[in-house]
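None of the figures in this text is laboratory data; all of them are computed from the coordinates on show. As the structure is a prediction and not an experimental result, all values here were calculated from the model. Please note: Cβ atoms are built from the backbone with ideal geometry, for glycine as well, and neighbour counts cover all protein chains shown.
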Amino acid sequence: MIPIFFPTTYISQSSLDFCQEWFEQICIYQPSDINIPEHYQTNERLIIRTPLTSQFDRQKFEQEKLYLNALIRESGPNLAHLKARSEDLPFFDESSVNRIRAQIKHNRNQTVPAAHKELLIALYCHLFQELDMQQADLDSTLAEIDNSHSQLFQQLNNDLSNHSPQSTHTDKKLLTQIQDRLKVWFYLYQYDQEKSDILVTDNPDVMIEIQEWNDDLEQIYCIDQSQMANAKQLLQDYLGIQLHQLSLTPVSTKNIAIYYQKNSLVGPFIPSSFTTCKNIRFIVLDCISSDN
């Protein structure tokens, strides 16, 4: 049983390192097999799955992906702006996703054709991934600037204890549109033929959204830093899987929370066709901030 990172299809190098401090292997979903991030391909412990690739035409996906990239270059990475755009743009032909959406607008009672829904989901997922990659690059740049500033300050001051600068950059992971992300992610999840019942996130806000719709979601454990020495053994016993370097105490984890959902998950983020989403175990890893 390999845990799956959720509810995004992008995991930064720092988040991947953080998760792999715990798990021998971890899985990440991708909207397609196009433009897989380089640090995914070079990590032998990361399992990449593309559950939707057999559900849509790859050539059409590439065409529409080019269209989205053109919009991003033109207007910047703004989902609200893209949703409001008119449909009279490149790649607007009879088979285009844009044509499909336009037809639906003319007939509110019409549903998305089954042959095209998976393509729309994959494109939406791709757009989220592009935004997350840009945010990760920005966070990395800000962290480098903070580090350079600190080093320069230390070189210019003799008394470091009284004049140490305060970093302006925070490691807190901000995740926007969580409900939309969950909906897209669970759509991919239902097509995974090897799906695991162990879902891992490093963003506590994700569980707040899930808890809002699932009153019977049970918190099994909450382990803080003072208990971290035995945390891996406790988690391994509960999950029944081999964790990474069991004898080593995690040094990057502030706390870890484990939740269990016996009954089927409910909420606007669960596809109506997905009726077997039960017995799910959620693991929330909270990373120690560099400010601590």
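Quick notes on this one:
- Highest average first, the peptides 223-229, 253-259 ordered by how many other beta carbon atoms sit within 10 Å of their residues are 253-259, 223-229.
- Packing, as the average of other Cβ atoms within 10 Å across residues, places the peptides 39-45, 27-33, 4-10 in the order 4-10, 27-33, 39-45, highest first.
- For the set Lys65/Lys195; Lys65/Lys117; Lys195/Lys232, the pairs lying more than 20 angstrom apart at their alpha carbons are Lys65/Lys195; Lys195/Lys232.
- For Cys287, the residues whose amide H sits under 5 Å from its own are Lys254, ignoring neighbours fewer than 5 places away on the same chain, with H placed 1.01 Å from N.
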